[in-house]
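The values are calculated or read from the model by the stated rules, or taken from the named source; none is laboratory data. Bear in mind the structure is a predicted one, so any value in this text is a computation, not a measurement. Here the Cβ positions follow ideal geometry from the backbone for every residue, glycine too, while neighbour counts run over all protein chains shown.
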Amino acid sequence: MRMTCLLMLMAAALAAQTPKGWVKGKGYGWVYGPNDEVGALNAINSPAQILKALQSVKAGKTYDLGVPLDKRSYKWPGHSSTEIVSYRSPEGVKRQKDIGAFAGHREQMAFHSAAIFTSDNLGTQIDGLGHITKGADNHWYNGFKEANFGGDFGLMKTDADTIPPIIGRAVLIDVAGFKKQEALPSNYAISPKDLQDALAAQKVDVEPGDIVMIRTGTLRYWGEAGENHAKLGQHDSAGITLAAAKWLVEQKGAVMIGSDTSGLEVGTNAGDVPNAVHGYLLVDQGVHIGEFHQLEGLARDKVYRFVYMAATNRYKGAAAGFALRPIAIY
């Protein structure tokens, strides 16, 4: 009887540590109901999980994980650049006198406002689950299809607005630091062994429910606003392989995976089809992808465990939460 009770307690403790929806060896997937638009982040989007994450803060030190962005910024070639255009200016407001409160203002008050034209996949961002589609029917996470949920004004399912505020335990895997390189070379394929070796050297591990950030060193060259395209392009194609993504999700239970590059995954890898990691994470597993996260400060201070916090902008229909400023709290 005593042994039975002990086994029951051990099973209960194990169940409490297992993220909701995750099965070791399988990962997450389409397991949260036919209308779900959140994916694996469901596993940490609860008061208990958020409290657990916040209780792990040690020093209260913050790190800015966002990169500054303007029209010069390096980007993946499939996305448009950013243009910020003065929409109203003090000269125009005073000259046109078309806004009553400012026409003939006794203190000569006026204002600036800007119109912003941009892609929803620029700068520090989190890919929404509808960013990638598969198959002749153009389906994405949870079986949502273009014929049903695509539109002239963006996605009608799994858009950026469905990404909940993220507060979770996170791990930095500094692959470039482990290999004693400023930045990994072009098309360096980060394997499961690379991740395992770096984690062992850092004396940390990925636990089920963790957010994982992988450093290639690319963003050490971001500069003022990512203006050095040649230098950034020299390293931006380094990234994880499909095998590495599967190891992180199916064996370790990562709920979100990000890096300091524009695409997380290796640019070319003989063993994978193009963009295999995006298809696997976003479509098959419902695991969000973080891109262009500035990890240099964390690596410099050897902060390998921290709390990750991010809230995407609420652009309905957008394919990604973009131009973000996530923070790491140690």
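Inside segment 78-91, can you point out the residues that are in contact with a strand residue (DSSP E or B) (Cβ under 8 Å, 6 or more places away or on another chain) and not hydroxyl-bearing (Ser, Thr, Tyr)?
So the first thing to find is which residues in segment 78-91 are in contact with a strand residue (DSSP E or B) (Cβ under 8 Å, 6 or more places away or on another chain), and the list is 80, 82-88.
Once the filter is applied, which keeps residues that are in contact with a strand residue (DSSP E or B) (Cβ under 8 Å, 6 or more places away or on another chain) and not hydroxyl-bearing (Ser, Thr, Tyr), segment 78-91 yields GLU83, ILE84, VAL85, ARG88.
Is it true that some residue in segment 210-227 is over 27 Å from ALA311 (Cα atoms) and either modelled with pLDDT under 95 or in the same structural domain as VAL38 (by TED's automatic domain parsing) (or both)?
Within segment 210-227, none of the residues are over 27 Å from ALA311 (Cα atoms) and either modelled with pLDDT under 95 or in the same structural domain as VAL38 (by TED's automatic domain parsing) (or both).
Does GLY209 meet the test of being part of a loop (DSSP other than H, G, I, E, B), among the small types (Gly, Ala, Ser), touching a helix residue (DSSP H, G or I) at 6+ places or on another chain (Cβ under 6 Å) and surrounded by fewer than 24 Cβ atoms within 10 Å (Cβ to Cβ)? First the steps, then the outcome.
Working: part of a loop (DSSP other than H, G, I, E, B): yes; among the small types (Gly, Ala, Ser): yes; touching a helix residue (DSSP H, G or I) at 6+ places or on another chain (Cβ under 6 Å): yes; surrounded by fewer than 24 Cβ atoms within 10 Å (Cβ to Cβ): yes.
Against the criterion (part of a loop (DSSP other than H, G, I, E, B), among the small types (Gly, Ala, Ser), touching a helix residue (DSSP H, G or I) at 6+ places or on another chain (Cβ under 6 Å) and surrounded by fewer than 24 Cβ atoms within 10 Å (Cβ to Cβ)), GLY209 qualifies.
Is there any pair linking a residue in segment 179-197 that is under 11 Å from THR216 (Cβ atoms) to one that is part of a helix (DSSP H, G or I) and aliphatic (A, V, I, L, M), with Cβ under 6 Å and at least six apart or on different chains, and which?
ALA183/ALA176; LEU184/ALA176; ILE190/VAL175; ILE190/ALA244; ASP194/VAL175
So GLU227 passes all but one of these: (1) over 22 Å from ASN142 (Cβ atoms); (2) touching a helix residue (DSSP H, G or I) at 6+ places or on another chain (Cβ under 6 Å). Which condition number does it fail?
(2)
Taking the residues in segment 92-143 that are on the phi > 0 side of the Ramachandran plot and surrounded by fewer than 17 Cβ atoms within 10 Å (Cβ to Cβ) as candidates, determine which candidate is modelled with the lowest pLDDT.
So in segment 92-143, the residues on the phi > 0 side of the Ramachandran plot come out as 97, 104, 108, 123, 135, 138, 142-143.
Checking which are surrounded by fewer than 17 Cβ atoms within 10 Å (Cβ to Cβ) leaves us with 97, 104, 108, 135, 138, 143.
On the way: LYS97: 92, GLY104: 86, GLN108: 93, GLY135: 95, ASN138: 96, GLY143: 98.
Checked segment 92-143; the qualifying residue modelled with the lowest pLDDT is GLY104.
Among LYS58, LYS71, which is surrounded by fewer than 12 Cβ atoms within 10 Å (Cβ to Cβ), assigned by TED's automatic domain parsing to the domain that holds THR312 and among the basic types (Lys, Arg)?
On the way: LYS71 fails: surrounded by fewer than 12 Cβ atoms within 10 Å (Cβ to Cβ).
After ruling out the rest, the residue left standing is LYS58.
Using the structure shown, decide if THR118 is under 26 Å from VAL212 (Cα atoms) and either β-branched (Val, Ile, Thr) or more than 38 Å from the chain's Cα centre (by Cα) (or both). Show your work before the answer.
Values: under 26 Å from VAL212 (Cα atoms): no; either β-branched (Val, Ile, Thr) or more than 38 Å from the chain's Cα centre (by Cα) (or both): yes.
Answer is no for this residue.
Need at least 3 residues that are farther than 17 Å from ALA198 by Cβ per element, so show me which strands (runs of 3 or more DSSP E) inside segment 247-328 make the cut, counting only ones lying wholly within it. Lay out the reasoning, then the answer.
Details: elements: 256-259, 288-291, 305-310.
So the answer is 288-291, 305-310.
When you go through (1) over 19 Å from GLY263 (Cα atoms); (2) within 32 Å of the chain's Cα centre (by Cα) one by one for ILE99, which number turns out not to apply?
Only one criterion in (1) over 19 Å from GLY263 (Cα atoms); (2) within 32 Å of the chain's Cα centre (by Cα) is unmet by ILE99, namely (2).
Sort through GLY297, GLY267, GLY223, GLY271 and tell me the only one that's in contact (Cβ under 8 Å) with a residue 24 or more places away in the chain, surrounded by fewer than 21 Cβ atoms within 10 Å (Cβ to Cβ) and over 19 Å from the mean Cα position of the chain (by Cα).
Being in contact (Cβ under 8 Å) with a residue 24 or more places away in the chain, surrounded by fewer than 21 Cβ atoms within 10 Å (Cβ to Cβ) and over 19 Å from the mean Cα position of the chain (by Cα) holds for just one of GLY297, GLY267, GLY223, GLY271, which is GLY271.
So is TYR32 assigned by TED's automatic domain parsing to the domain that holds THR158, modelled with pLDDT of 95 or more and over 30 Å from THR218 (Cβ atoms) or not? Let's see the steps before the verdict.
Working: assigned by TED's automatic domain parsing to the domain that holds THR158: yes; modelled with pLDDT of 95 or more: yes; over 30 Å from THR218 (Cβ atoms): yes.
Yes: the conditions hold for TYR32.
Working only within segment 164-203, note down all residues that are within 20 Å of ILE327 (Cα to Cα) and not charged (D, E, K, R). Reasoning before the result, please.
Filtering segment 164-203 for residues within 20 Å of ILE327 (Cα to Cα) gives 164-174.
Answer for segment 164-203, where residues must be within 20 Å of ILE327 (Cα to Cα) and not charged (D, E, K, R): PRO164, PRO165, ILE166, ILE167, GLY168, ALA170, VAL171, LEU172, ILE173.
Does any residue of segment 173-193 turn out to be among the aromatic types (Phe, Trp, Tyr), assigned to a loop (DSSP other than H, G, I, E, B) and closer than 19 Å to GLY258 by Cα? Can you show your working first?
From segment 173-193, those among the aromatic types (Phe, Trp, Tyr) are 178, 188; that's our starting set.
Restricting the remaining residues to those that are assigned to a loop (DSSP other than H, G, I, E, B) gives 188.
Among the residues that remain, those that are also closer than 19 Å to GLY258 by Cα are: 188.
Scanning segment 173-193 turns up at least one residue that is among the aromatic types (Phe, Trp, Tyr), assigned to a loop (DSSP other than H, G, I, E, B) and closer than 19 Å to GLY258 by Cα.
Taking the stated definitions as given, is SER46 surrounded by 16 or more Cβ atoms within 10 Å (Cβ to Cβ) and among the polar types (S, T, N, Q)? Let's see the steps before the verdict.
Working: surrounded by 16 or more Cβ atoms within 10 Å (Cβ to Cβ): no; among the polar types (S, T, N, Q): yes.
No; evaluated as a whole, the condition is false for this residue.
Condition first: at pLDDT 95 or above, crowded, with 24+ Cβ neighbours inside 10 Å and among the hydrophobic types (A, V, I, L, M, F, W, C). Can you find one or more residues in segment 311-318 that meet it?
no
Go through the residues of segment 164-178 one by one and say whether even a single one is farther than 30 Å from ASP210 by Cβ and surrounded by fewer than 22 Cβ atoms within 10 Å (Cβ to Cβ).
At the first step, the residues of segment 164-178 found to be farther than 30 Å from ASP210 by Cβ are none.
No, every residue in segment 164-178 fails to be farther than 30 Å from ASP210 by Cβ and surrounded by fewer than 22 Cβ atoms within 10 Å (Cβ to Cβ).
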